[in-house]
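> Please see the structure below; I have some questions.
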Amino acid sequence: MIRFLLNQTLCEEQHLSPNLTVLNYLREHVRKTGTKEGCGSGDCGACTVVLGEVVNGKLEYRSVNSCLTFVSALHGKQLITVEDLRSQAGLHPVQKAMVDFHGSQCGYCTPGFIMSMFALTKNSPNADKEDTYEALAGNLCRCTGYRPIVNAALSLSQETPIRDQFFEYEKETIDRLNAIGLPDLEHHADGKTAFTPTNSNELADILLAHPDAKMLAGGTDLALEVTQFHRDINTLVYLGHVDDIKTVNESETHINIGANVPFTDVYRALEPHYPDFGALLQRFASLQIRNQGTVGGNIANASPIGDGPPLLIALGASMTLRLGNTTRDIALEDFFHDYKVTALQPSEFIQTIHIPKPTPDKAFKAYKISKRFDDDISAVCGAFRLTFDQESDTVTEARIAFGGMSATPARATLCEQALIGKPLSLATIQVAMNALANDFSPISDVRATKEYRAETAANLLYRLYTELTYAKDGNTIETRVIHYVS
Ligand SMILES: Cc1cc2nc3c(=O)[nH]c(=O)nc-3n(C[C@H](O)[C@H](O)[C@H](O)COP(=O)(O)OP(=O)(O)OC[C@H]3O[C@@H](n4cnc5c(N)ncnc54)[C@H](O)[C@@H]3O)c2cc1C
Ligand code: FES
Ligand code: FES
């Protein structure tokens, strides 16, 4: 049984297929057709809904793509759709702003924009332009144009939260969500099974008993199997309630991030230590995807163009993997064996990612190159961590990793060797750029040609050199996202 609040109504669903997306549930089962399907693959935002969840006693709202969310993820949450915004008082202030600013023409994208704006007003009542662009970057509109929509969102910015019906019922909603309790361990429907463990021991046992089961974290990769390739997933293990792999903690030397932490929270944990990591994550997919997609899923998916792995490899991150009662630690760079082939054994899962904290002798930079600035996958992603001898400014260690350059995210070892033992000069960088040409043989595909990839990767080294030498002269470099819309 999956129990959740659909706005304020308690739903207890026993017969929903574990492979059913929230989008199809809304449109086909409860006939709430305000939520639209555009792409079915997380790219357009037309299907955006908001999920409310009690976190540390407070209600947190996050926008998600309902086309990529399986119903198994709804247990214990409040699902809010565009139909729920209007109250007896009339249109919700977000809806009214869209009307007042002429933010809708054909209207197909409008429910998605409204829900992203609604989540924004809840999370950042006094949102500035940056917050607004970030919140709306995962929503596409083909006819109105973005300026009226952005202006509508900005008009809502105020010091205090909007006192709407959700504000009024907040305490009651928290009590009702808390009363729902833990999910059932097993849910069977439509010939399929979803397991919902609530701790790592249960998870480990289920995976041992069902080695063919698919782990479902945020689902932003896995759901495409169902929505794009029309494949069935017969046994799912949903990780969203395994609390001990959803935490972030810090030791003196490391930041330890549970595998099931979504990128929105990874950003909060890493940005203060590594601003470049933060800046890159602001360009990772869309906010809807970052609210769902986890760091463990990003690594386990083993895409050669995933953004997390090159950065984590360059930082010297390691992971704890667990199989039954046994754990083992592995360096991230040893995890990727070949295209989509990893070190994970059947029934094994990623438990925690350990990231070394920065030290004064190290510089870290990361760059994402994609066709579109927001909400696009990398053609090339380069990450660089250089360690310097403080006295002589010589490079004593270099960790350089790239995505998009080979079948797996990988280190550029020849390039690294060309830097070690040398001062960071233009001559050294030019040698390293030449060495990089022998590290990889990139391929041409829809995102970039092999020539573009090779040249861009080399130029990123030059950019690294320019930024580091510029910073050394006491200048600061703006690492936050710079938007080009005025
Ligand atoms: C529109 C769109 C844009 C995207 N943009 C980007 C982007 O810019 N950069 C980028 O890097 N990626 C991007 N992605 C890919 C995806 O969002 C990320 O890879 C995300 O981090 C996957 O995490 P998840 O939690 O959703 O994984 P899921 O889809 O739940 O799982 C992915 C795989 O990992 C396995 N898995 C999950 N957790 C574990 C675990 N703890 N242990 C072992 N195996 C596990 C699952 O079984 C599955 O095989 C995009 C995806 C979409 C749909
Ligand atoms: S339908 Fe396009 S993001 Fe879901
Ligand atoms: S109003 Fe038509 S797609 Fe946005």
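> As an exercise: evaluate T69 against (1) polar (S, T, N, Q); (2) over 24 Å from A152 (Cβ atoms); (3) more than 16 Å from ligand 1 (Cβ to nearest atom) and give the number of the one condition it does not meet.
(3)
> Might you check whether a residue that is within 15 Å of ligand 2 (Cβ to nearest atom) and of a type in the set (K, R) occurs anywhere in region 123-145?
yes
> Scan V64, V82, V50 and give me the residue that is under 19 Å from A135 (Cβ atoms) and more than 21 Å from the chain's Cα centre (by Cα).
None of the other options fit; the residue is V82.
> Within region 399-436, how many residues turn out to be hydrophobic (A, V, I, L, M, F, W, C), at pLDDT below 95 and not in a helix (DSSP H, G or I)?
1
> Out of region 455-486, which residues are farther than 12 Å from G382 by Cβ, at pLDDT 90 or above and either part of a loop (DSSP other than H, G, I, E, B) or in contact with a helix residue (DSSP H, G or I) (Cβ under 8 Å, 6 or more places away or on another chain) (or both)?
Hit for region 455-486 is Y465, nothing else.
> Out of region 76-108, which residues are over 20 Å from T144 (Cα atoms) and surrounded by fewer than 18 Cβ atoms within 10 Å (Cβ to Cβ)?
E83, R86, S87, Q88, A89, G90, L91, listed by residue number.
Here is a yes/no grid of residues against (1) buried (at least 18 other Cβ atoms within 10 Å of the Cβ); (2) near ligand 2 (Cβ under 7 Å from one of its atoms):
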residue: L23; (1), (2): yes, yes
residue: H29; (1), (2): no, no
residue: C39; (1), (2): no, yes
residue: C47; (1), (2): yes, yes
residue: G52; (1), (2): yes, no
residue: V55; (1), (2): no, no
residue: L59; (1), (2): yes, no
residue: R62; (1), (2): yes, no
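> Does H187 fit the bill of being surrounded by 15 or more Cβ atoms within 10 Å (Cβ to Cβ) and at pLDDT 95 or above? Walk me through it before giving the result.
Working: surrounded by 15 or more Cβ atoms within 10 Å (Cβ to Cβ): yes; at pLDDT 95 or above: no.
Against the criterion (surrounded by 15 or more Cβ atoms within 10 Å (Cβ to Cβ) and at pLDDT 95 or above), H187 does not qualify.
> Let me ask another. With T121, T196, T81 as the choices, which residue is at pLDDT 95 or above, closer than 24 Å to N291 by Cα and not assigned by TED's automatic domain parsing to the domain that holds S41?
Working: T121 fails: not assigned by TED's automatic domain parsing to the domain that holds S41; T81 fails: not assigned by TED's automatic domain parsing to the domain that holds S41.
Going through T121, T196, T81 in turn, the sole match is T196.
> Which residue is farthest from V226 (Cα to Cα), if the candidates are limited to region 36-52 and must be more than 16 Å from ligand 3 (Cβ to nearest atom) and touching a Phe, Trp or Tyr at 6+ places or on another chain (Cβ under 8 Å)?
G52
> I've got another one for you. Given the criteria away from ligand 2 (no atom under 13 Å from the Cβ) and either within 28 Å of A213 (Cα to Cα) or out of contact with any helix residue (DSSP H, G or I) (no Cβ under 9 Å at 6 or more places or on another chain) (or both), does R3 qualify?
Details: away from ligand 2 (no atom under 13 Å from the Cβ): yes; either within 28 Å of A213 (Cα to Cα) or out of contact with any helix residue (DSSP H, G or I) (no Cβ under 9 Å at 6 or more places or on another chain) (or both): yes.
So R3 passes the test.
> Kindly indicate the residue of region 412-467 that is farther than 18 Å from A401 by Cβ and among the acidic types (D, E) and also nearest to the chain's Cα centre (by Cα) among those meeting that condition.
The extreme case among them is D445.
> Oh, and also: So for region 291-304 (the condition being within 21 Å of L216 (Cα to Cα) and surrounded by fewer than 19 Cβ atoms within 10 Å (Cβ to Cβ)), does at least one residue qualify?
Yes, the conditions are met somewhere in region 291-304.
> Does region 20-35 contain at least one residue that is within 16 Å of ligand 3 (Cβ to nearest atom) and either in contact with a Phe, Trp or Tyr (Cβ under 8 Å, 6 or more places away or on another chain) or in the same structural domain as K122 (by TED's automatic domain parsing) (or both)? Even if it seems obvious, please write down each step before you answer.
Residues of region 20-35 within 16 Å of ligand 3 (Cβ to nearest atom): 34-35.
Now narrow it down to the ones that are either in contact with a Phe, Trp or Tyr (Cβ under 8 Å, 6 or more places away or on another chain) or in the same structural domain as K122 (by TED's automatic domain parsing) (or both): 34-35.
Yes: one or more hits.
> Those residues that are under 13 Å from T69 (Cα atoms), part of a loop (DSSP other than H, G, I, E, B) and of a type in the set (A, V, I, L, M), I need them from region 17-57; list them, please.
Selection gives L20 alone.
> Follow-up question, since we're still on this one. Looking only at region 96-146, how many residues end up being without any contact (Cβ under 8 Å) to a residue 12 or more places away in the chain and outside any loop (DSSP other than H, G, I, E, B)?
Result for region 96-146: 3.
> Which condition does I353 not pass, out of (1) assigned to a loop (DSSP other than H, G, I, E, B); (2) out of contact with any Asp or Glu (no Cβ under 7 Å at 6 or more places or on another chain), if it passes all the others?
(1)
The values are calculated or read from the model by the stated rules, or taken from the named source; none is laboratory data. Keep in mind the model is a prediction, meaning the values are calculated, not measured. Virtual Cβ from ideal backbone geometry, glycine too; neighbours counted across all protein chains shown.
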